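First the structure, in the form of structure tokens, and then the observations on it.
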Amino acid sequence: MDPRVVKLAKVLLHYSLRLKKGQILRIRGEVVALPLIKAAFAEAVKTGAHPTAQFIIPDNEEVFFKHASDDQLKFISPIARAEVNKTDAFLHIWGSENTRYLSNVDSVRQSRFYRYQSPLKRRFFQRAAKKELRWVGTQFPTLADAQDADMSLSSYEDFVYRAGHIHTADPIKHWKKVFKEQQRLVKILNRVNRLHIQAPDTDLKLRVKGRKWVNCAGTENFPDGEIFTSPIEDSAEGVIRYTYPAVYAGREVHDVRLEFKKGKVVSETAAKNQRYLTDMLNMDKGSRYLGEVAIGTNYEIKRFSRNTLFDEKIGGTCHLAVGEGFSESGGRNRSGLHWDMVCDLVKDSEIRADGKVIYRNGRFKI
């Protein structure tokens, strides 16, 4: 086994999840991610925790979305409810044999399912906000994900592990340093009322007064590197054109442009898969409002990979997500959708806070 896999498992369990003896851990991922699943399971047993492994079967998900009745789409499994309510720690491992396995399912049915399941998702994040449950999502490098990123498998493995600083002697020391640096920015941004984001084809204003900025340094996403908050729900005014393709549930939408009035998306365009974009934005009452505004700070990630886990963290970018807001930051928008879309701010771009430039061409100026 690649020693980096074992090292990653230890960082995830002891730093991200802070797993303790006697806690219930659920590990979830596809069979292709088996090396990391096994490494995490073994480390959890050594810790004295109670791990279980659940495998995602993509063919089953495709069959479900294509053939399930509306009653089946609405159904929330009591087993799933029990897992959300009883689990102490949750490790989700991304990595697929086929990243496009849901490309041919009906996007309206897919949207409906996510809307019906939103109470379960909300309960999950309520417990997380109360520190009753810890969770982290990470990437296991697979051939399909490497192909999406236009890399060889070995190059993609290096990309994944370097982004998390697994290649260094002490990754945890690195992430503690990131937390300290970002905490300084968070303290400044917590005093801000108005943000104004300007970039090529982007001119967007929004308010964040009273909302809490959150410091992300490897405890819920790994790798990490961002600071975020949930904007005032009716405050977004203007337009944003996302630089990179927006990826959600295995679908890719190109050249997304959103226009906001009184916080709501009133017009959306895309060069590819616009129908899917519109179907997702029509998911429910909250899906056309912003749930997140964030700034990526991981300068070890230097390229777009078609994987939101990495792309939203790229140093020199911002991402604004439509849909569900974060209770931990004071967000009140509720939706079955949370779709992160990334905008490059490296060139001819700036962010003003209450009229003062705090960020220009990919770097903070505070």
Problem set entry | So Asp224, is it within 30 Å of Tyr161 (Cβ to Cβ) and part of a loop (DSSP other than H, G, I, E, B) | yes
For this session: Filter the range 134-151 for residues that are among the charged types (D, E, K, R) and either on the phi > 0 side of the Ramachandran plot or assigned to a loop (DSSP other than H, G, I, E, B) (or both) and give the result.
Result: Asp150
For this session: Assess whether Val192 counts as being buried (at least 16 other Cβ atoms within 10 Å of the Cβ) and part of a helix (DSSP H, G or I).
Result: no
Problem set entry | Looking only at the range 295-309, and only at residues there that are under 12 Å from the mean Cα position of the chain (by Cα) and surrounded by fewer than 24 Cβ atoms within 10 Å (Cβ to Cβ), the one that is nearest to Gly218 (Cα to Cα) | Leu309
Seminar exercise, completed: Over the range 298-322, the set of residues β-branched (Val, Ile, Thr) and out of contact with any Leu (no Cβ under 8 Å at 6 or more places or on another chain) is Ile301, Thr308, Ile314
Exercise. Which residue pairs have Cβ atoms under 8 Å apart, sit 6 or more places apart or on different chains, and have a first residue in the range 224-235 that is at positive phi and buried (at least 24 other Cβ atoms within 10 Å of the Cβ) and a second that is of a type outside the set (Ser, Thr, Tyr) and in a loop (DSSP other than H, G, I, E, B)?
Worked result: Gly225/Ala217; Gly225/Glu300; Gly225/Ile301; Gly225/Lys313; Gly225/Gly315
Problem set entry | Residues of the range 311-366 satisfying the condition of being surrounded by fewer than 18 Cβ atoms within 10 Å (Cβ to Cβ), over 21 Å from the mean Cα position of the chain (by Cα) and of a type in the set (Gly, Ala, Ser) | Gly355
Exercise. Do you know which residues across the range 148-171 are more than 21 Å from the chain's Cα centre (by Cα) and among the hydrophobic types (A, V, I, L, M, F, W, C)?
Worked result: Met151, Leu153, Ala169
Exercise. Hey, among the residues in the range 114-134 that are surrounded by fewer than 20 Cβ atoms within 10 Å (Cβ to Cβ) and of a type in the set (Phe, Trp, Tyr), which one's nearest to the chain's Cα centre (by Cα)?
Worked result: Phe125
Exercise. Of the residues in the range 180-222, how many are of a type in the set (Lys, Arg) and touching a helix residue (DSSP H, G or I) at 6+ places or on another chain (Cβ under 6 Å)?
Worked result: 2
For this session: Look through Glu157, Glu181 and report the one residue that is within 22 Å of Ala353 (Cα to Cα), part of a helix (DSSP H, G or I), of a type in the set (Asp, Glu) and modelled with pLDDT of 95 or more.
Result: Glu181
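The values are calculated or read from the model by the stated rules, or taken from the named source; none is laboratory data. Note that the coordinates shown come from a computational prediction; the quantities given were computed from them, not determined experimentally. Ideal geometry is used to build each Cβ from the backbone, glycine not excepted, and the neighbour counts take in all protein chains shown.
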